[in-house]
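K.L.:
Quick one: this structure, given as structure tokens, is what I'll be asking you about.
Just so you know, all these numbers are worked out from the coordinates, no wet-lab data involved. If you're wondering where the values come from, they're calculated on a predicted model, not measured in any experiment. So basically every Cβ, Gly included, is an ideal-geometry build from the backbone, and we count neighbours across all protein chains shown.
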Amino acid sequence: MNDTGFIGYVGSPAVHDGILLRVCVEGDSVEVVIQGYGGQEHVVLFEGVDSVEMKAPEGMVLYSISEMRATPPLRKFVFIKSEEDHPGCLSVWAKDFCILPKLEYPCPVCGYSDFDEPPWSSNGSPSYDICPSCGVEFGYQDFGRDEVERRNRWHDLRQKWIGSGMRWSSSVHPLPPDWNPVKQLKKIGIEIAG
Ligand SMILES: [Zn+2]
């Protein structure tokens, strides 16, 4: 890794080319309202906020929100603007964030749910995303001609993953600080004795 500490972009599709409308700080949460490219409003909600660095961020056209390295359990999020000459800036140090309205597309194998699209679309084409939690690449390991076949594959892959100790698979995506595979499985209706 390089010394800029860049980890990755977060919430990119919702944020890219959006306009930052306002920032509300309340207790240890910060709400950032962004008007997306398509006109709809998204709220980026930071929780467990430790500090905020902000200078007139309203009106910033966003390129991205970048996650930078920070000292756990804090995460550092920097709002990157696409116009260099806008005077604003915004960085947030928080434990977690989410984007509302939040669409959840959990991994059908392990329940991990930080995907921007479903693993298989309704017309039957896979996303080819790789689940950082269980390591399954949708459209590859879970290939099935229909939903029934895919469900069987998911079941087998899940048993394998559980059997091998439910380990975080990705070496690229850092392990989320509060990651709990048992809770995650519960979200897709799989109960295992914790
Ligand atoms: Zn998974």
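K.L.:
Please return the longest stretch of the chain lacking exposed loop sites, where GluC sites (Glu not before Pro) count only if DSSP places them in a loop and at most 16 other Cβ atoms lie within 10 Å.
P.N.:
Excluding the exposed sites themselves, the longest stretch runs over 105-190.
K.L.:
Please enumerate, by chain and number, the lysines with C-alpha under 29 Å from the C-alpha of residue 183, excluding those fewer than 8 residues away in the same chain.
P.N.:
Candidates past the 8-residue exclusion: 76, 95, 102, 160.
K.L.:
Here is a further query. Quick check: the distance between the Cα centres of the stretch 75-137 and the stretch 140-183, to the nearest angstrom?
P.N.:
First find each Cα centre; the distance between them is then 18 Å.
K.L.:
Using the basic label-point model (7 angstrom from Cα toward the beta carbon), what is the residue 155 to residue 43 distance in nanometres?
P.N.:
4.0
K.L.:
Roughly speaking, what % of Cα-Cα pairs in the chain are separated by over 26 Å, rounded to a whole number?
P.N.:
Pairs farther apart than 26 Å: 41 percent.
K.L.:
Moving on to the next point. Tell me the chymotrypsin sites (Phe, Trp or Tyr not before Pro) within the stretch 91-166 that lie in a loop according to DSSP and have at most 11 other beta-carbon atoms within 10 Å.
P.N.:
128, 140
K.L.:
For the Cα atoms of the chain, what angle does the longest principal axis make with the long axis of helix 147-163, in degrees from 0 to 90, nearest 10?
P.N.:
Its long axis makes an angle of about 80 degrees.
K.L.:
At most 16 other Cβ atoms within 10 Å and a DSSP loop assignment: could you name the trypsin sites (Lys or Arg not before Pro) in the stretch 51-148 that fit?
P.N.:
Answer in residue order: 69, 102, 145.
K.L.:
Residues with amide H under 5 Å of residue 96's amide H, sequence separation 5 or more or different chain, H placed in the peptide plane at 1.01 Å from N; which?
P.N.:
47
K.L.:
Can you work out ³J(HN,Hα) from phi for every residue in the stretch 106-116, in order, using Karplus 6.51 cos²θ - 1.76 cosθ + 1.60 and θ = phi - 60°, giving whole Hz and x for Gly and Pro?
P.N.:
Working through the residues one at a time gives x, 5, x, 8, 10, x, 4, 10, 9, 9, 8 Hz.
K.L.:
Per residue of the stretch 127-133, what does 6.51 cos²θ - 1.76 cosθ + 1.60 with θ = phi - 60° give for ³J(HN,Hα)? Whole Hz please, x for Gly and Pro, Karplus curve as stated.
P.N.:
Calculated HN-Hα couplings, in order: 7, 6, 6, 10, 5, x, 7 Hz.
K.L.:
Which length gain, in nm to one decimal place, applies between residue 125 and residue 83 when the Cα-Cα distance is subtracted from 0.36 nm times their residue separation?
P.N.:
Fully extending the segment from residue 125 to residue 83 adds 11.5 nm.
K.L.:
For every helix of n ≥ 4 consecutive DSSP H residues, a contribution of -39,500 (n - 2.57) applies; sum these over the chain, divide by its total residues, and give [θ] at 222 nm rounded to the nearest 500 deg cm²/dmol.
P.N.:
-4000 deg cm²/dmol
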